[in-house]
Amino acid sequence: MERLPFIAGNWKMNKTVGEALELVKALKISLMGIYGVEVAVAPPFTALYPVAQELKNSSIELAAQNLFWEEKGAFTGEVSPLMLKEIGCQYVIIGHSERRQYFGETDEMVNRKIRSAIRSDLKVIFCIGESLEEREEGKTFSVVERQLVEGLKGIDEERMGQIVIAYEPVWAIGTGRTASPEQAGEVHRFIREKIEGLFSKRTSERVRIQYGGSVTPENIKALMAEPGIDGALVGGASLQAESFTRIVRFKEI
Ligand code: PGA
(Lines give C-alpha, C1' and ligand atoms only; values in the text may rest on other atoms or scores of the structure.)
Protein backbone atom coordinates (compact mmCIF):
# COMPACT_ATOMS: atom_id res chain seq x y z
CA MET A 1 0.00 0.00 0.00
CA GLU A 2 1.53 3.32 -1.12
CA ARG A 3 1.03 6.06 1.42
CA LEU A 4 1.73 9.67 0.45
CA PRO A 5 4.50 11.04 2.69
CA PHE A 6 3.28 13.88 4.89
CA ILE A 7 5.61 16.48 6.41
CA ALA A 8 4.11 19.04 8.79
CA GLY A 9 5.81 21.95 10.54
CA ASN A 10 4.67 22.67 14.08
CA TRP A 11 5.73 26.23 14.81
CA LYS A 12 4.53 26.06 18.42
CA MET A 13 4.51 29.48 20.18
CA ASN A 14 6.80 31.09 17.63
CA LYS A 15 6.38 33.72 14.90
CA THR A 16 4.56 37.02 14.96
CA VAL A 17 2.24 37.63 12.01
CA GLY A 18 5.03 39.47 10.21
CA GLU A 19 7.50 36.66 10.76
CA ALA A 20 4.95 34.01 9.85
CA LEU A 21 4.18 35.70 6.54
CA GLU A 22 7.86 36.02 5.78
CA LEU A 23 8.35 32.30 6.38
CA VAL A 24 5.40 31.10 4.27
CA LYS A 25 6.32 33.45 1.44
CA ALA A 26 9.78 31.88 1.39
CA LEU A 27 8.29 28.36 1.58
CA LYS A 28 5.92 29.03 -1.31
CA ILE A 29 8.95 29.75 -3.46
CA SER A 30 11.27 27.04 -2.17
CA LEU A 31 8.57 24.35 -2.37
CA MET A 32 7.11 25.40 -5.70
CA GLY A 33 6.46 22.44 -7.98
CA ILE A 34 7.02 19.92 -5.21
CA TYR A 35 5.06 16.71 -5.72
CA GLY A 36 4.81 13.29 -4.15
CA VAL A 37 4.71 14.73 -0.65
CA GLU A 38 1.98 16.48 1.31
CA VAL A 39 3.09 19.56 3.27
CA ALA A 40 1.40 21.51 6.06
CA VAL A 41 2.42 24.29 8.43
CA ALA A 42 0.94 24.95 11.86
CA PRO A 43 1.38 28.61 12.86
CA PRO A 44 0.12 29.98 16.20
CA PHE A 45 -3.55 31.05 16.30
CA THR A 46 -2.87 34.75 15.70
CA ALA A 47 -1.10 34.02 12.41
CA LEU A 48 -3.55 31.45 11.02
CA TYR A 49 -5.79 33.83 9.11
CA PRO A 50 -3.08 35.91 7.41
CA VAL A 51 -1.13 32.74 6.59
CA ALA A 52 -4.31 31.19 5.14
CA GLN A 53 -4.63 34.20 2.81
CA GLU A 54 -1.01 33.86 1.76
CA LEU A 55 -1.43 30.13 1.09
CA LYS A 56 -4.39 30.50 -1.30
CA ASN A 57 -3.43 28.84 -4.60
CA SER A 58 -0.56 27.06 -2.91
CA SER A 59 -0.33 23.34 -2.24
CA ILE A 60 0.94 23.97 1.30
CA GLU A 61 -1.83 23.19 3.77
CA LEU A 62 -2.72 24.88 7.01
CA ALA A 63 -2.95 23.30 10.45
CA ALA A 64 -3.92 24.68 13.84
CA GLN A 65 -2.08 23.52 16.94
CA ASN A 66 -5.11 22.96 19.14
CA LEU A 67 -8.87 23.47 19.44
CA PHE A 68 -11.65 23.21 21.97
CA TRP A 69 -14.38 20.66 21.42
CA GLU A 70 -17.44 22.89 21.78
CA GLU A 71 -18.78 24.77 18.75
CA LYS A 72 -19.28 28.05 20.60
CA GLY A 73 -20.19 29.51 23.95
CA ALA A 74 -18.77 30.76 27.22
CA PHE A 75 -15.30 29.22 27.03
CA THR A 76 -12.96 32.18 27.47
CA GLY A 77 -9.72 31.84 25.59
CA GLU A 78 -10.71 28.83 23.49
CA VAL A 79 -11.04 28.37 19.72
CA SER A 80 -13.66 26.12 18.12
CA PRO A 81 -13.36 23.73 15.18
CA LEU A 82 -15.84 25.85 13.19
CA MET A 83 -13.62 28.90 13.60
CA LEU A 84 -10.63 26.97 12.29
CA LYS A 85 -12.60 25.52 9.43
CA GLU A 86 -13.95 28.92 8.43
CA ILE A 87 -10.53 30.47 7.97
CA GLY A 88 -9.27 27.58 5.87
CA CYS A 89 -7.49 25.18 8.21
CA GLN A 90 -7.43 21.66 6.83
CA TYR A 91 -5.68 20.07 9.80
CA VAL A 92 -5.46 20.42 13.55
CA ILE A 93 -2.77 18.96 15.80
CA ILE A 94 -4.33 17.25 18.81
CA GLY A 95 -2.73 15.68 21.87
CA HIS A 96 0.74 17.12 21.46
CA SER A 97 2.87 16.11 24.44
CA GLU A 98 3.38 19.77 25.41
CA ARG A 99 -0.41 20.13 25.72
CA ARG A 100 -0.56 16.96 27.78
CA GLN A 101 2.44 17.93 29.94
CA TYR A 102 1.95 21.66 30.52
CA PHE A 103 -1.78 22.13 30.06
CA GLY A 104 -3.11 18.99 31.67
CA GLU A 105 -4.71 17.40 28.61
CA THR A 106 -5.87 13.92 29.41
CA ASP A 107 -6.63 11.07 27.01
CA GLU A 108 -10.31 11.84 27.50
CA MET A 109 -9.88 15.47 26.52
CA VAL A 110 -7.80 14.45 23.53
CA ASN A 111 -10.57 12.07 22.48
CA ARG A 112 -13.24 14.78 22.77
CA LYS A 113 -11.11 17.11 20.68
CA ILE A 114 -10.53 14.48 18.01
CA ARG A 115 -14.23 13.64 17.77
CA SER A 116 -15.14 17.29 17.56
CA ALA A 117 -12.55 18.02 14.85
CA ILE A 118 -13.74 15.06 12.80
CA ARG A 119 -17.37 16.16 13.07
CA SER A 120 -16.36 19.53 11.66
CA ASP A 121 -14.53 17.84 8.77
CA LEU A 122 -11.10 18.86 9.95
CA LYS A 123 -8.28 16.39 9.54
CA VAL A 124 -6.33 15.54 12.66
CA ILE A 125 -2.66 15.01 13.45
CA PHE A 126 -3.07 12.90 16.56
CA CYS A 127 0.10 12.85 18.70
CA ILE A 128 1.11 10.03 20.99
CA GLY A 129 4.38 9.05 22.61
CA GLU A 130 6.08 7.95 25.81
CA SER A 131 8.24 9.99 28.20
CA LEU A 132 11.83 9.08 29.00
CA GLU A 133 10.81 7.66 32.36
CA GLU A 134 8.14 5.50 30.73
CA ARG A 135 10.62 4.21 28.15
CA GLU A 136 13.18 3.39 30.83
CA GLU A 137 10.56 1.54 32.82
CA GLY A 138 9.70 -0.55 29.75
CA LYS A 139 6.27 1.04 29.41
CA THR A 140 6.60 2.43 25.88
CA PHE A 141 4.14 0.05 24.27
CA SER A 142 1.56 0.15 27.04
CA VAL A 143 1.59 3.97 27.11
CA VAL A 144 1.33 4.30 23.34
CA GLU A 145 -1.45 1.70 23.27
CA ARG A 146 -3.43 3.49 25.99
CA GLN A 147 -3.12 6.87 24.29
CA LEU A 148 -4.12 5.37 20.95
CA VAL A 149 -7.10 3.37 22.20
CA GLU A 150 -8.43 6.14 24.43
CA GLY A 151 -7.85 8.84 21.82
CA LEU A 152 -9.70 6.93 19.11
CA LYS A 153 -12.70 5.87 21.23
CA GLY A 154 -15.96 6.30 19.37
CA ILE A 155 -14.32 7.08 16.03
CA ASP A 156 -15.99 5.25 13.14
CA GLU A 157 -13.69 3.36 10.82
CA GLU A 158 -14.78 5.42 7.80
CA ARG A 159 -13.52 8.54 9.59
CA MET A 160 -10.02 7.13 9.99
CA GLY A 161 -9.12 8.63 6.61
CA GLN A 162 -9.22 11.99 8.41
CA ILE A 163 -6.65 10.96 10.98
CA VAL A 164 -2.87 10.97 10.77
CA ILE A 165 -0.98 9.64 13.76
CA ALA A 166 2.24 11.27 14.93
CA TYR A 167 4.48 9.12 17.07
CA GLU A 168 6.53 11.56 19.12
CA PRO A 169 8.63 10.11 21.90
CA VAL A 170 8.66 12.93 24.46
CA TRP A 171 12.38 12.42 25.18
CA ALA A 172 13.17 13.24 21.56
CA ILE A 173 11.17 16.48 21.32
CA GLY A 174 13.34 19.57 21.22
CA THR A 175 16.24 17.68 22.74
CA GLY A 176 18.34 16.98 19.68
CA ARG A 177 18.02 13.34 20.66
CA THR A 178 16.20 11.59 17.79
CA ALA A 179 14.85 8.08 18.06
CA SER A 180 16.84 5.88 15.70
CA PRO A 181 14.94 4.78 12.61
CA GLU A 182 14.82 1.28 14.12
CA GLN A 183 13.46 2.50 17.47
CA ALA A 184 10.80 4.59 15.73
CA GLY A 185 10.05 1.82 13.22
CA GLU A 186 9.39 -0.66 16.01
CA VAL A 187 6.77 1.61 17.62
CA HIS A 188 5.24 2.47 14.23
CA ARG A 189 4.78 -1.26 13.55
CA PHE A 190 3.17 -1.65 16.94
CA ILE A 191 0.79 1.26 16.30
CA ARG A 192 -0.19 -0.17 12.92
CA GLU A 193 -0.94 -3.56 14.51
CA LYS A 194 -3.13 -1.88 17.10
CA ILE A 195 -5.00 0.02 14.39
CA GLU A 196 -5.59 -3.30 12.66
CA GLY A 197 -6.98 -4.70 15.92
CA LEU A 198 -9.20 -1.67 16.50
CA PHE A 199 -10.44 -1.41 12.90
CA SER A 200 -9.16 -3.60 10.07
CA LYS A 201 -6.09 -4.53 8.07
CA ARG A 202 -7.16 -2.23 5.27
CA THR A 203 -7.39 0.78 7.59
CA SER A 204 -4.08 -0.09 9.24
CA GLU A 205 -2.40 -0.17 5.83
CA ARG A 206 -3.85 3.18 4.88
CA VAL A 207 -3.27 5.21 8.02
CA ARG A 208 -0.23 7.44 7.89
CA ILE A 209 2.07 7.51 10.89
CA GLN A 210 4.49 10.43 11.16
CA TYR A 211 7.56 10.44 13.35
CA GLY A 212 8.30 13.55 15.44
CA GLY A 213 11.16 14.53 17.72
CA SER A 214 14.30 16.41 16.63
CA VAL A 215 13.79 15.75 12.93
CA THR A 216 16.43 17.60 10.89
CA PRO A 217 17.61 17.76 7.27
CA GLU A 218 20.41 15.44 8.38
CA ASN A 219 18.29 12.61 9.77
CA ILE A 220 15.09 12.79 7.67
CA LYS A 221 16.28 10.54 4.89
CA ALA A 222 17.20 7.65 7.19
CA LEU A 223 13.91 8.03 9.07
CA MET A 224 11.87 8.04 5.86
CA ALA A 225 13.72 4.96 4.61
CA GLU A 226 12.27 2.99 7.51
CA PRO A 227 9.19 1.07 6.35
CA GLY A 228 6.16 2.31 8.24
CA ILE A 229 7.42 5.88 8.78
CA ASP A 230 5.17 7.95 6.52
CA GLY A 231 6.32 11.46 7.28
CA ALA A 232 7.40 13.80 10.02
CA LEU A 233 6.03 16.35 12.44
CA VAL A 234 8.84 18.89 12.66
CA GLY A 235 9.24 21.49 15.41
CA GLY A 236 12.48 23.45 15.64
CA ALA A 237 13.66 22.72 12.11
CA SER A 238 10.37 23.99 10.64
CA LEU A 239 11.04 27.56 11.82
CA GLN A 240 13.46 28.35 8.99
CA ALA A 241 12.53 28.02 5.34
CA GLU A 242 15.89 26.53 4.46
CA SER A 243 15.86 23.63 6.91
CA PHE A 244 12.14 22.87 6.46
CA THR A 245 12.55 22.86 2.69
CA ARG A 246 15.45 20.43 2.90
CA ILE A 247 13.31 18.14 5.06
CA VAL A 248 10.35 18.28 2.67
CA ARG A 249 12.70 17.65 -0.26
CA PHE A 250 14.22 14.63 1.50
CA LYS A 251 14.00 12.52 -1.65
CA GLU A 252 16.39 14.88 -3.40
CA ILE A 253 19.07 14.77 -0.68
P1 PGA B 1 11.14 19.16 17.54
O2 PGA B 1 9.57 19.17 17.89
O3 PGA B 1 11.26 18.84 16.08
O4 PGA B 1 11.61 20.56 17.87
O5 PGA B 1 11.77 18.11 18.39
C6 PGA B 1 8.71 18.21 17.33
C7 PGA B 1 7.32 18.39 17.88
O8 PGA B 1 7.15 18.70 19.05
O9 PGA B 1 6.32 18.24 17.12
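Just a few scattered comments:
- 15 Å tail of the calculated P(r), the range 40-95, as % of Cα pairs: 42 percent
- You can think of it this way: the chain between Glu2 and Arg177 has 60.1 nm of extra reach, that is 0.36 nm per residue less the Cα-Cα gap.
- 24 Å Cα-Cα threshold exceeded, pairs from Lys15/Lys56; Lys123/Lys221; Lys28/Lys221; Lys28/Lys113: Lys123/Lys221; Lys28/Lys113
- Over the residues of the chain, the helix contribution to mean residue ellipticity at 222 nm works out to -12000 deg cm²/dmol, using -39500 (n - 2.57) for each DSSP H run of at least 4.
- For the range 6-252, the convex hull drawn through the C-alpha positions has a volume of 119 cubic angstrom per residue.
- Coupling constants for the range 208-214 follow from the phi torsions by the Karplus curve (6.51 cos²θ - 1.76 cosθ + 1.60, θ = phi - 60°), and in residue order they are 8, 10, 8, 9, x, x, 6 Hz; glycine and proline get x.
- The amide H of Val92, built 1.01 Å from its N in the peptide plane, has Ala64, Lys123, Val124, Ile125 as neighbours under 5 Å, considering only residues 5 or more places off or on other chains.
- Ranking Glu157, Glu136, Glu2 by solvent-accessible area of protein heavy atoms (1.4 Å probe, all protein chains present), from largest to smallest, gives Glu2, Glu136, Glu157.
- Take every Cα pair under 8 Å whose residues are at least 6 apart in sequence, average their separation, divide by the length of the range 5-131, and the relative contact order is 21 percent.
- Over 24 Å [Cα-Cα, the range 15-162], rounded percent: 39 percent
- Dipole-positive endmost among Ile220, Met32, Val170 within the range 6-252 (Cβ charges, Cα centre): Met32
- Loop sites in the range 9-64: trypsin sites (Lys or Arg not before Pro), DSSP, at most 13 other Cβ within 10 Å: Lys56
- Temperature 4 °C, viscosity 1.567 mPa s: under these conditions the Stokes-Einstein estimate for the range 118-251, based on its Kirkwood radius over C-alpha pairs, is 85 µm² per second.
- Total formal charge among the other residues, if their Cβ is under 13 angstrom from that of Glu252, Lys/Arg +1 and Asp/Glu -1: +4
- Taking every alpha-carbon pair under 8 Å whose residues sit at least 6 apart, the chain reaches a relative contact order of 20 percent.
- Distant-in-sequence amide H partners of Ser131 (H built 1.01 Å from N, under 5 Å): Val170
- At least 24 Å along the helix axis (C-alpha) and Kyte average at least -0.5, DSSP helices within the chain: none
- Per-residue accessible area (protein heavy atoms, 1.4 Å probe) orders Met13, Met1, Met224 as Met13, Met1, Met224, starting from the largest.
- Phi to ³J(HN,Hα) by Karplus 6.51 cos²θ - 1.76 cosθ + 1.60 over the range 223-236, Hz, x for Gly, Pro: 5, 5, 6, 6, x, x, 9, 9, x, 9, 10, 10, x, x
- A Cβ-based charge dipole, computed about the Cα centre of the chain with Lys and Arg at +1 and Asp and Glu at -1, lands at about 500 debye.
The values are calculated or read from the model by the stated rules, or taken from the named source; none is laboratory data. Fair warning: this is a prediction, and the values are worked out from it, not measured in the lab. Don't worry about glycine lacking a Cβ; one is built from the backbone with ideal geometry, like all the others, and counts go over all protein chains shown. With ligands, DNA and RNA removed, areas are computed over all heavy atoms of the protein, side chains included. Shrake-Rupley method; radii C 1.70, N 1.55, O 1.52, S 1.80 Å.
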